[in-house]
Amino acid sequence: MINIITGKINSGKTTSLKKHYNDSQKGDGFIAKKRMKKGVVHSYDIVRLSNNDAQLLVIREDFYNGFEKVACKVGPYLFLEKSLTYVENEILKMIKNNVSPIYLDEIGQLELYDQCFNKVFNQIVQSKADCFITVKEDLVDEVIRKYKLTNVNVITI
């Protein structure tokens, strides 16, 4: 089953995803943790739920130092290739080891354009693994259509 946690921007989707993991203590996956600087989003770390390992996933272009290879961009946010590859490789291991459920924060506009977590989410869907994802409320129908999701539980925050 694909569980979609949805709501508006800053409505608590990531917090709800993490709470579900903490309450169940089953499965594994990743959440994005926002970092602020002087009232502005500076970056997002990708955090592994099972061990709290974190690495920089997204940085606002104003703060980008030019050293890391950028895989894709949405608005002022640059997604780092190294971190995307790390997440993809770890989720592939989870699929291979039948980890369930798999958590992924978030599926959004970039994935709809075949970027960011698109490839690995497709692999989760193809594997038929149970998973929990976050999706902004205005993109839920598009995500369901794009990935041809049928066994879906939508949880609105």
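Bear in mind that the values in this text are calculations on the coordinates, not laboratory data. Model, not experiment: these values are computed from the prediction. Note: ideal-geometry Cβ built from the backbone for every residue, glycine included; neighbour counts use all protein chains shown.
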If we take region 99-157, then strands (runs of 3 or more DSSP E) inside it with 1 or more residues that are within 19 Å of ILE46 (Cβ to Cβ) and in contact with a Gly (Cβ under 9 Å, 6 or more places away or on another chain) are 102-104, 131-136
I'm told VAL152 meets every condition in (1) within 24 Å of LEU49 (Cα to Cα); (2) β-branched (Val, Ile, Thr); (3) without any contact (Cβ under 8 Å) to a residue 40 or more places away in the chain except one. Can you identify the failing condition by its number? (3)
Which of the residues spanning region 45-84 are free of Cβ contacts under 8 Å to residues at least 12 places away in the same chain and of a type in the set (Val, Ile, Thr)? VAL70
Would you call GLU106 among the charged types (D, E, K, R), closer than 19 Å to HIS20 by Cα and within 14 Å of the chain's Cα centre (by Cα)? yes
Does LYS26 meet the test of being closer than 21 Å to ALA129 by Cα and assigned to a loop (DSSP other than H, G, I, E, B)? yes
Any chance region 129-146 includes a residue that's farther than 19 Å from ILE5 by Cα and in contact with a helix residue (DSSP H, G or I) (Cβ under 7 Å, 6 or more places away or on another chain)? no
Among SER43, SER50, SER11, SER100, which is over 28 Å from LYS148 (Cβ atoms), of a type outside the set (A, V, I, L, M, F, W, C), surrounded by fewer than 17 Cβ atoms within 10 Å (Cβ to Cβ) and under 17 Å from the mean Cα position of the chain (by Cα)? SER50
